[in-house]
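Just below is one structure, and these are the notes that go with it.
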Amino acid sequence: MRKIERMDDLSQWVPWNYYKPLLPFYKCYMADKEHTVLYVSAKTGEIIQETKRLERWSARLGAIPHWIYFKQLRSLEKTWRLVVIILASLGILMTVTGIYAGVIRYRKRSKNSITPYKKFWYKWHHITGFFFGFFVFTFVLSGLISVSSIPDWMVGVKKSDKVKVGWNQKLDLRMHHHTTPWNIYKALDNKDGVRKIEWKSVLGQAQYHVYYEDYQKPDVYTLYNDSVISQRPYSMSDIQSQANILLGQIPFSIQEQFTYDNYYAGSGMIYLPQPAYKIMVDDVANTWLYIDPASGEAVKTLTRNTRLRRWLYRFLHTLDIPMLKKMDGLRKTILVLLCLMGLAISVTGFVIGIKWFKRNLGW
């Protein structure tokens with residue numbers, strides 16, 4: 001380690017308010033070739049952020065300006081969200097009016113040309129906007145969706161008809177009052193390399209999720225007659241019985257899902273088990289619950305609203321569909337090419353705007 005500093009406030013690399021209870025941090029500069037910096041909570045000893053020099057520069061050129069993740073603004077959650085909504089709304093207005101103007105100008109072209117313009121900047125702004133303006137519109141729209149909610153009326157759901165469909169429960173320490181960390185540790189099948197033990201309350205039972213190198217997938221233990229034992233996987237009949245209790249009179253169906261699909265798909269950041277039990281609830285919102293057989297927890301919940309949001313955000317913003325996810329290099333190549341065309345539209349439009357101001361305002 002090269003040096004260590006104490007931090008009493010959030011920083012550019014840890015700007016989220018939900019980390020405030022973990023303050024102060026120790027900012028540790030590591031003596032490695034990647035110039036790693038670790039942010040360690042003084043209260044818990046937990047590493048809450050890790051950055052490398054290349055990642056920091058990538059963020060400065062990418063994620064930070066893209067999401068407007070400037071510390072002073074991002075720490076003001078409501079203000080940051082409002083700024084993103086306003087800018088995205090202005091972007092939607094510009095792209096819609098630009099597409100409309102482009103179509104009008106297209107009709108005025110000569111028969112042997114795809115654009116009526118002769119000047120370089122006007123011509124290429126019209127050409128790139130005409131062919132790729134819709135992508136820019138969907139990209140800005142999906143960015144707006146990422147920070148805002150979709151009204152239920154868009155999916156034909158009335159708020160008065162909605163029914164709360166609950167599955168997971170909050171931690172109830174009364175279930176664990178006879179258990180100590182030592183009791184849990186003695187019961188572990190593998191005592192080497194334990195990274196974290198998470199106390200849970202699941203389906204009315206005390207549970208302990210033990211994490212090793214794989215920080216996403218835990219080993220699951222439960223409490224039986226005041227003894228910690230390994231949790232056996234839940235069968236479909238177990239989950240069906242629990243659903244009968246938790247859902248009451250609401251009709252539902254259940255099936256075992258063995259593969260990922262458009263709505264249930266894991267990633268490098270999000271672990272979703274395979275197989276999982278999919279409960280389709282016949283409520284007004286058409287709720288789907290995906291249950292982890294290992295723990296009995298609902299690992300994902302979808303409604304009509306969130307399924308629509310999935311397409312308006314994840315598909316339009318990142319081309320997130322299983323076919324392209326299997327060929328991730330192709331998906332990223334298409335995204336890069338589309339973004340370069342969006343950059344061309346922006347640059348040519350910016351130059352045209354500057355020329356207009358110079359011509360009309362005497363700049």
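The values are calculated or read from the model by the stated rules, or taken from the named source; none is laboratory data. Owing to the predicted nature of the structure, the values given are computational and were not obtained by experimental measurement. As a convention, Cβ positions derive from the backbone with ideal geometry for all residues, glycine included, and neighbour counts pool all protein chains shown. Quick note on the areas: whole protein, heavy atoms, side chains included, nothing else; ligands and nucleic acids left out. Shrake-Rupley method; radii C 1.70, N 1.55, O 1.52, S 1.80 Å.
Go through region 237-282 and report how many residues are in a loop (DSSP other than H, G, I, E, B) and either open to solvent by 50 Å² or more (accessible area, probe 1.4 Å) or touching a residue at least 60 places away in the same chain (Cβ under 8 Å) (or both).
17
Checked against the criterion of being part of a strand (DSSP E or B) and acidic (Asp, Glu), the candidates GLU213, GLU198 yield just one match: GLU198.
Quick check on my filter: what residues within region 16-60 are under 20 Å from TYR211 (Cβ atoms) and aliphatic (A, V, I, L, M)? If the condition is that a residue be under 20 Å from TYR211 (Cβ atoms) and aliphatic (A, V, I, L, M), then LEU22, LEU38, VAL40, ILE47, ILE48 are the ones that fit.
The set of residues in region 94-124 being assigned to a helix (DSSP H, G or I) and either modelled with pLDDT of 95 or more or of a type in the set (Val, Ile, Thr) (or both) consists of THR95, VAL96, THR97, ILE99, VAL103, ILE104.
Looking at region 95-116 only, could you name the residues that are touching a residue at least 40 places away in the same chain (Cβ under 8 Å) and of a type in the set (Gly, Ala, Ser)?
Once the filter is applied, which keeps residues that are touching a residue at least 40 places away in the same chain (Cβ under 8 Å) and of a type in the set (Gly, Ala, Ser), region 95-116 yields only GLY98.
Among the residues of this structure, ILE291 counts as one that is modelled with pLDDT of 95 or more, within 21 Å of the chain's Cα centre (by Cα), open to solvent by less than 30 Å² (accessible area, probe 1.4 Å) and β-branched (Val, Ile, Thr).
The C-beta contact set for region 58-75 (first residue in a loop (DSSP other than H, G, I, E, B), second residue of a type in the set (A, V, I, L, M), distance under 8 angstrom, 6+ apart or interchain) comprises ILE68/VAL83; ILE68/VAL84; ILE68/LEU87; TYR69/ALA59; TYR69/ALA63; PHE70/ILE64; SER75/LEU10.
Annotation: of all residues in region 302-319 being open to solvent by 60 Å² or more (accessible area, probe 1.4 Å) and within 14 Å of the chain's Cα centre (by Cα), the one that is farthest from ILE334 (Cα to Cα) is ARG309. When VAL284 is tested against (1) β-branched (Val, Ile, Thr); (2) within 25 Å of SER146 (Cα to Cα); (3) within 21 Å of the chain's Cα centre (by Cα), exactly one condition is not met: (3). In the set (1) closer than 30 Å to GLU46 by Cα; (2) in contact with a helix residue (DSSP H, G or I) (Cβ under 8 Å, 6 or more places away or on another chain); (3) surrounded by 15 or more Cβ atoms within 10 Å (Cβ to Cβ), the condition left unmet by LEU188 is number (2). Of the residues making up region 206-225, those that are more than 25 Å from the chain's Cα centre (by Cα) and surrounded by fewer than 16 Cβ atoms within 10 Å (Cβ to Cβ) number 2. Of the residues making up region 117-134, those that are open to solvent by less than 30 Å² (accessible area, probe 1.4 Å) and touching a residue at least 40 places away in the same chain (Cβ under 8 Å) are THR128, GLY129, GLY133. For residues in region 35-84 being closer than 25 Å to PHE139 by Cβ and among the small types (Gly, Ala, Ser), which is surrounded by the most Cβ atoms within 10 Å (Cβ to Cβ)? Among those residues, the one meeting the criterion is ALA59.
In region 149-167, of all residues being surrounded by 15 or more Cβ atoms within 10 Å (Cβ to Cβ) and not charged (D, E, K, R), the one that is farthest from VAL83 (Cα to Cα) corresponds to TRP167.
Filtering region 168-185 to residues that are over 26 Å from LEU289 (Cβ atoms) and open to solvent by less than 100 Å² (accessible area, probe 1.4 Å) leaves THR179, THR180, PRO181, ASN183, ILE184, TYR185.
Restrict the check to region 23-34 and report whether at least one residue is closer than 24 Å to VAL194 by Cα, touching a residue at least 12 places away in the same chain (Cβ under 8 Å) and open to solvent by less than 40 Å² (accessible area, probe 1.4 Å). Yes, region 23-34 contains a residue that is closer than 24 Å to VAL194 by Cα, touching a residue at least 12 places away in the same chain (Cβ under 8 Å) and open to solvent by less than 40 Å² (accessible area, probe 1.4 Å). Has region 296-303 got at least one residue that is at pLDDT below 95 and part of a helix (DSSP H, G or I)? Scanning region 296-303 turns up no residue that is at pLDDT below 95 and part of a helix (DSSP H, G or I).
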